[in-house]
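None of the figures in this text is laboratory data; all of them are computed from the coordinates on show. Everything numeric in this text was worked out from a predicted model, so none of it was measured. Here Cβ is always computed from backbone atoms with ideal geometry, including for glycine, and neighbour counts include all displayed protein chains.
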Protein chains: 2
Amino acid sequence: MTEIRGDVPIGTAARRSGVKVPTIRYWEEIGLLGVSPRSEGNRRLYDAAAVRRLAFIRHARELGFEVEAIRTLLDLQDNPGQPCSPADSIARARLADVEARIAQLEALKHELRRMIEGCSHDTISHCRVIEVLTDHAECRHHVR
Amino acid sequence: MTEIRGDVPIGTAARRSGVKVPTIRYWEEIGLLGVSPRSEGNRRLYDAAAVRRLAFIRHARELGFEVEAIRTLLDLQDNPGQPCSPADSIARARLADVEARIAQLEALKHELRRMIEGCSHDTISHCRVIEVLTDHAECRHHVR
DNA sequence: GCTTGCTCCTCCAATCGCTGGAGAATGTAG
DNA sequence: CTACATTCTCCAGCGATTGGAGGAGCAAGC
């Protein structure tokens, strides 16, 4: 491949950043990337900075940041003179989310363990798994 | 409301089961509920068993079981003579999922903590949050 | 120069599990 | 009889991709 000034087509950018091709196009569509320059034959071109941006977004997504949060983080990255407290509070909010989710999953884990350990592996009519689901169904739930 | 033989309309079933009205209709549509009997005026009617089934499904969803798994669990519940090992393995698979997810979230939690704690709360150009995202972006990722 | 095969383009539909709105019909209380 | 609440069906949208169809471009070998 002929890389003029280090510009590569989307497939190469995908391989280098670890982001799938359709995902890159999607991110462009929703405005995370700005408009990519195009070749004469209308192919998108990515330079090193663009590939870094892709990997930045990928990592943020892996950390569970929502696209809207990432949009803000990218804006901040693009304006390095600003205070970093917005970035900080996005990360703190995400941490709180993660901790809440872990707590919830721990509760689920214990309930699942109780279901499984209490099961005599007999027929369904004595199955603890089905029983817990059925009986718990009777309980008065917290409304929202 | 006139409850002949304990049959109630969808709103009441929703309140009693803790499932939203559109969700009940959706579950019927995808075949989790079978066909509800209808009143003369074409309204769906739910007896106590139907309401229990709704709460069963709701609880299973709260435990994170996918709809396909719930379909199987409901089939099993409807045929109590069968061995309970399928139910057991569905629950075990879900437990494994939950444990894997917890482990993943713990890793994210630590990474987020490192990001936040290392941040000097200065400007973006020195922000640890942005930095970690950017630098980690360089690393060679594990593919999937 | 021409064919082969890969990559790229755009557009659109599907995923999962709901959720909610539009507009009409039916039921209930005063 | 008149309000008002509830229900009906149908359909579109969410978030964040993912993948297919059908067509065009591009690089390499003959």
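Taking segment B:76-95, which residues are in a helix (DSSP H, G or I) and either within 15 Å of the chain's Cα centre (by Cα) or hydrophobic (A, V, I, L, M, F, W, C) (or both)? Listed by number, the residues that qualify are B:L76, B:A87, B:I90, B:A91, B:A93, B:R94, B:L95.
Here A:A60 qualifies as within 8 Å of chain B (Cβ to nearest Cβ), within 21 Å of B:K109 (Cα to Cα) and not charged (D, E, K, R).
For segment B:62-86, name all the residues that are of a type in the set (V, I, T) and within 16 Å of DNA strand D (Cβ to nearest atom).
We begin by selecting, within segment B:62-86, every residue of a type in the set (V, I, T); these are B:67, B:70, B:72.
The answer is B:V67, and nothing else.
Among the residues of segment A:124-135, at least one is crowded, with 16+ Cβ neighbours inside 10 Å and outside any helix (DSSP H, G or I). Does A:G31 satisfy the criteria of being touching a helix residue (DSSP H, G or I) at 6+ places or on another chain (Cβ under 9 Å) and surrounded by fewer than 14 Cβ atoms within 10 Å (Cβ to Cβ)? Taking the combined requirement at face value, the residue satisfies it.
In this structure, B:R44 does not qualify as closer than 30 Å to A:S89 by Cα and more than 16 Å from the chain's Cα centre (by Cα).
When segment A:47-75 is filtered for residues that are surrounded by fewer than 20 Cβ atoms within 10 Å (Cβ to Cβ), among the small types (G, A, S) and under 15 Å from the mean Cα position of the chain (by Cα), the ones remaining, listed by number, are A:G64, A:A69.
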